[in-house]
Amino acid sequence: MDFDLTPEQEEIRKLARDFADKEIAPGARERDRTETFPADILKKMAPLGLLGGPIPEEYGGHGLDYISHALVTEEIGRADSSVRTTLSVQISLVELTILKWGTEAQKKQYLPPLCRGQVIGCFGLTEPEVGSDATKLRTSAKREGTHWILRGRKTWISNGSVSGLALVFAQTDPSKGHKGIAAFLLDRDKQKYESQGLHGKLGLRSSDSSELILDDIRVPDANRLGEVGDGFKIAMSALDSGRYSVAAGAVGVAQACIDASVAYATQRQTFGKPLAGHQLVAEMIADMVVETDAARLLVWRAGDLKNKGRPNTRETSIAKLYATEAAQRAADNAIQIHGGYGFSDEFPVERYWRDARVNRLYEGTTQIQKLIISRFATGIDAIS
């Protein structure tokens, strides 16, 4: 692997960084306070190709490689994790899943409007009684001629209320366990699913989190993604993509913590010298730098494997585990360095801490990542 970025990768990183600094970061605190979904930002991102980076040009994307995709995601995450969450769901969980599993007709129908930001997508897997164990879905899909009837509830669905397209997973035959799960694409204009926003979140307050309400939603079989029984495999492959973008976004949070801490520690004076001149403060900053660099390289390693078309579940899980934990430690150190000011939203580090916390939960908890990594090491599956 070459650690030098290509001129094209440097260019896309600069594009994303400039956009993040000018358009995303300035309003992040107010959006967080008011729980305002960043719809206006998404409209500005679409013409720049930031809503469909890794999707091939023939389907409306820009055909970016996965290192470039990580660079974009990191820069957006550095500015505002709520925007990054919206972006990750749109691209990693929805677009890339349709790209991998969809028919040619489905790709041509759904990917261009998603890449142009004309449609926002959501990923409907988690249920009120089903989280880490996705084999136990209760949402049902019953065949009626050329259609399926979906009934159930999904919860903690990012982009749920603002979505025009939902990728939903349902059980077609409980006796088959995970081999009975199927995936469906719900066009909200035609399959009128309902949603209910979830509020009072610790972090990601300006991203949309919702419950999806599926009351006898009639879906044509043409909207099925993959074969009946492929749903679990589709969901797991989507989570591989999602974990990669979460890891890259976590690197962005960690970098934001470094930037804020360095700025504060070099300006704030205590005991007659800058905070950074105190050894224990310098140690915290050094720890943040080392862990952020390590997390970034783990993300790039996984991205390199993705670019080569090689299996990367293990490496993506390692990157997701390390980067998300490192981001939380960086945010905690950043608050410590800022002292009392770090406890107030006058400075952004308290938001970084709140936003970082959920990264250790979604797209597979820290504990699930450890079980995946252990399975590769021992050959023993401790999950099932």
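The values are calculated or read from the model by the stated rules, or taken from the named source; none is laboratory data. No experiment lies behind these values; they were computed from the predicted model shown. Because the Cβ atoms are built from the backbone with ideal geometry, glycine has one as well, and the counts that use them run over all protein chains shown.
Could you list all residues from region 292-314 that are part of a helix (DSSP H, G or I), more than 17 Å from the chain's Cα centre (by Cα) and more than 20 Å from THR6 (Cβ to Cβ)?
Hits for region 292-314 are THR292, ALA294, ARG314.
Of the residues that make up region 133-147, is at least one buried (at least 19 other Cβ atoms within 10 Å of the Cβ) and either aromatic (Phe, Trp, Tyr) or assigned by TED's automatic domain parsing to the domain that holds GLN106 (or both)?
Step one: filter region 133-147 for residues buried (at least 19 other Cβ atoms within 10 Å of the Cβ), giving 134, 137, 139, 141.
Filter once more, so that each one left must be either aromatic (Phe, Trp, Tyr) or assigned by TED's automatic domain parsing to the domain that holds GLN106 (or both): none.
No; the residues of region 133-147 include none that is buried (at least 19 other Cβ atoms within 10 Å of the Cβ) and either aromatic (Phe, Trp, Tyr) or assigned by TED's automatic domain parsing to the domain that holds GLN106 (or both).
If we keep just the residues of region 252-298 that are β-branched (Val, Ile, Thr) and surrounded by 15 or more Cβ atoms within 10 Å (Cβ to Cβ), which is nearest to SER88 (Cα to Cα)? I'd like the intermediate steps shown before the answer.
Here is the first cut: in region 252-298, the ones β-branched (Val, Ile, Thr) are 253, 258, 262, 266, 270, 281, 285, 289-290, 292.
From what is left, the residues that are surrounded by 15 or more Cβ atoms within 10 Å (Cβ to Cβ) are 253, 258, 262, 281, 285, 289, 292.
Numbers: VAL253: 14, ILE258: 23, VAL262: 28, VAL281: 34, ILE285: 28, VAL289: 25, THR292: 20 Å.
Applying the filter and picking the extreme gives VAL253.
Hey, can you tell me all the residues within region 57-72 that are closer than 10 Å to CYS115 by Cβ and not hydroxyl-bearing (Ser, Thr, Tyr)? Walk me through it before giving the result.
Going residue by residue through region 57-72, those that are closer than 10 Å to CYS115 by Cβ are 57, 59-62.
GLU57, GLY60, GLY61, HIS62 - these are the residues of region 57-72 that are closer than 10 Å to CYS115 by Cβ and not hydroxyl-bearing (Ser, Thr, Tyr).
Scan GLN255, GLN196 and give me the residue that is modelled with pLDDT of 95 or more and assigned to a helix (DSSP H, G or I). Full working, then the answer.
On the way: GLN196 fails: assigned to a helix (DSSP H, G or I).
Exactly one of GLN255, GLN196 is modelled with pLDDT of 95 or more and assigned to a helix (DSSP H, G or I), namely GLN255.
Taking the residues in region 240-280 that are touching a residue at least 40 places away in the same chain (Cβ under 8 Å) and in contact with a strand residue (DSSP E or B) (Cβ under 9 Å, 6 or more places away or on another chain) as candidates, determine which candidate is nearest to THR85 (Cα to Cα).
GLY242
List the number of the failed condition for VAL130; all other conditions in (1) among the hydrophobic types (A, V, I, L, M, F, W, C); (2) surrounded by 24 or more Cβ atoms within 10 Å (Cβ to Cβ); (3) more than 16 Å from the chain's Cα centre (by Cα) hold.
(2)
When the residues of region 175-214 are narrowed to those that are farther than 30 Å from ALA79 by Cβ, touching a residue at least 12 places away in the same chain (Cβ under 8 Å) and out of contact with any strand residue (DSSP E or B) (no Cβ under 7 Å at 6 or more places or on another chain), which ends up surrounded by the most Cβ atoms within 10 Å (Cβ to Cβ)? Full working, then the answer.
Quick first cut of region 175-214, residues farther than 30 Å from ALA79 by Cβ only: 175-187, 189-194, 213-214.
From what is left, the residues that are touching a residue at least 12 places away in the same chain (Cβ under 8 Å) are 176-187, 189, 191-194, 213-214.
Adding the requirement that they be out of contact with any strand residue (DSSP E or B) (no Cβ under 7 Å at 6 or more places or on another chain) leaves 176-179, 189, 192.
Numbers: LYS176: 12, GLY177: 12, HIS178: 18, LYS179: 15, ASP189: 9, LYS192: 11.
Filtering region 175-214 for residues that are farther than 30 Å from ALA79 by Cβ, touching a residue at least 12 places away in the same chain (Cβ under 8 Å) and out of contact with any strand residue (DSSP E or B) (no Cβ under 7 Å at 6 or more places or on another chain), the one surrounded by the most Cβ atoms within 10 Å (Cβ to Cβ) comes out as HIS178.
Does SER161 satisfy the criteria of being touching a Gly at 6+ places or on another chain (Cβ under 6 Å), crowded, with 16+ Cβ neighbours inside 10 Å and in a loop (DSSP other than H, G, I, E, B)?
On the way: touching a Gly at 6+ places or on another chain (Cβ under 6 Å): yes; crowded, with 16+ Cβ neighbours inside 10 Å: yes; in a loop (DSSP other than H, G, I, E, B): yes.
Criteria met by SER161.
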